[in-house]
Amino acid sequence: MREVLCRCGVECEVEELRRAEAAARPIVSAELERLQSTESQNTFAYYVRSILGKLCSSSVLADNRLDKVVREVLQILRAPGQTQRLWSFLLPGVRDALDILWERGFQLVVVSNSDGTVEDGLSRLGIRHYFGAVVDSYKVGFEKPDPRLFHHALQMSSADPERTLHIGDMYDVDVLGARSAGLYALLLDPFSDWHNVDCVRFPDLLSFATTIARDVT
């Protein structure tokens with residue numbers, strides 16, 4: 001995403017972009033009932049606009065350039081043969097967190113609303129081996145918060161929902177979706193952007209993994 005913004009004449013640091021994306025999540029989550037799908041073109045455009053809108057509020061991007069930059073970013077990301085995704089790197093601490101959970105014997109499964117490429121993306125990042133299964137909404141035909149996607153993941157992993165925790169970063173999609181399937185749910189909220197949500201929150205995956213490791217030893 002940062003490289004795409006640079007091509008559009010917007011210079012920002014990775015942390016500024018990460019901050020804007022996190023702040024945009026509650027905005028997008030609140031509109032999902034209207035947008036209906038996390039993977040639709042309309043939702044994607046709304047998501048990009050929300051991120052760039054947060055960059056405007058931090059003075060990285062001038063307000064009068066917002067519409068033009070949104071159009072340019074969407075044009076690049078939607079171009080035929082475009083392989084650049086919004087995010088294609090690991091956040092700090094993720095690999096360490098996966099190591100901790102793996103070493104403690106937790107069974108790990110990815111459940112993602114995606115476009116059919118999530119498993120390849122995990123392989124490129126060198127973390128596919130941590131996961132016993134990868135459930136991609138595009139391939140399964142359901143997407144979060146539909147409980148059928150979670151049921152599919154439980155079936156693939158032979159897991160008991162009452163002993164399964166889903167970790168996500170969108171309340172309406174991840175927390176409510178997991179609960180509707182009978183799972184426990186946890187929300188990642190790195191900058192405390194989610195207010196008045198009735199679930200456990202952690203700032204990142206590493207802090208969660210460290211807490212779990214301490215509690216189970």
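Looking at region 94-216, I'd like the Rg to Rh ratio, where Rg is from alpha-carbon atoms and Rh is Kirkwood's inverse mean 1/r. Across region 94-216, the Cα-based Rg/Rh ratio is 0.94. Panel order for Thr210, Thr164, by other beta carbons found within 10 Å of each beta carbon, from fewest to most: Thr210, Thr164. Compared with the dominant principal axis of the Cα atoms in the chain, helix 147-157 is inclined by about 50°. Averaging Cα coordinates gives a centre for region 152-188 and one for region 110-134; these two points are 17 Å apart. To the nearest ten degrees, helix 41-57 and the longest principal axis of the Cα atoms of the chain are 70 degrees apart.
Each Lys and Arg contributes +1 and each Asp and Glu -1, all at the Cβ; summed about the Cα centre of the chain, the dipole is approximately 340 debye.
Neighbour counting of Cβ atoms within 10 Å sorts the residues Ser192, Ser29, Ser180, fewest neighbours leading, into Ser192, Ser180, Ser29.
Within 10 Å of each residue's Cβ, count the other Cβ atoms and sort Glu39, Glu162, Glu72, Glu143 from fewest upward.
On the way: Glu39 13, Glu162 8, Glu72 17, Glu143 21.
Taking fewest neighbouring Cβ atoms as first place, the list is Glu162, Glu39, Glu72, Glu143.
Percentage of Cα-Cα pair distances in the chain greater than 20 Å, rounded to whole percent? Looking at the chain, the distances longer than 20 Å represent 62 percent of pairs. Taking the helices alone, the chain has a mean residue ellipticity at 222 nm of -14000 deg cm²/dmol, built from -39,500 (n - 2.57) per DSSP H run of at least 4 residues and averaged over all its residues. Among His152, His129, His166, which one shows the highest mean-square fluctuation when the chain is modelled as a Gaussian network with alpha-carbon springs under 10 Å? For the chain, modelled as a Gaussian network with Cα springs under 10 Å, the answer is His129.
With one equal scatterer per alpha carbon and no solvent term, the Debye-computed log10 I(q)/I(0) for region 2-77 at 0.19, 0.20 1/Å reads -0.76, -0.84.
At a threshold of 8 angstrom on Cα-Cα distance, excluding pairs fewer than six apart, so keeping six or more, what relative contact order does the chain reach in percent?
Value for the chain: 18 percent.
Values in this text are rule-based calculations from the coordinates and carry no lab data. Please read these numbers as outputs of a predicted model, since none were measured by experiment. All Cβ positions, glycine included, derive from the backbone under ideal geometry; neighbour counts span all protein chains shown.
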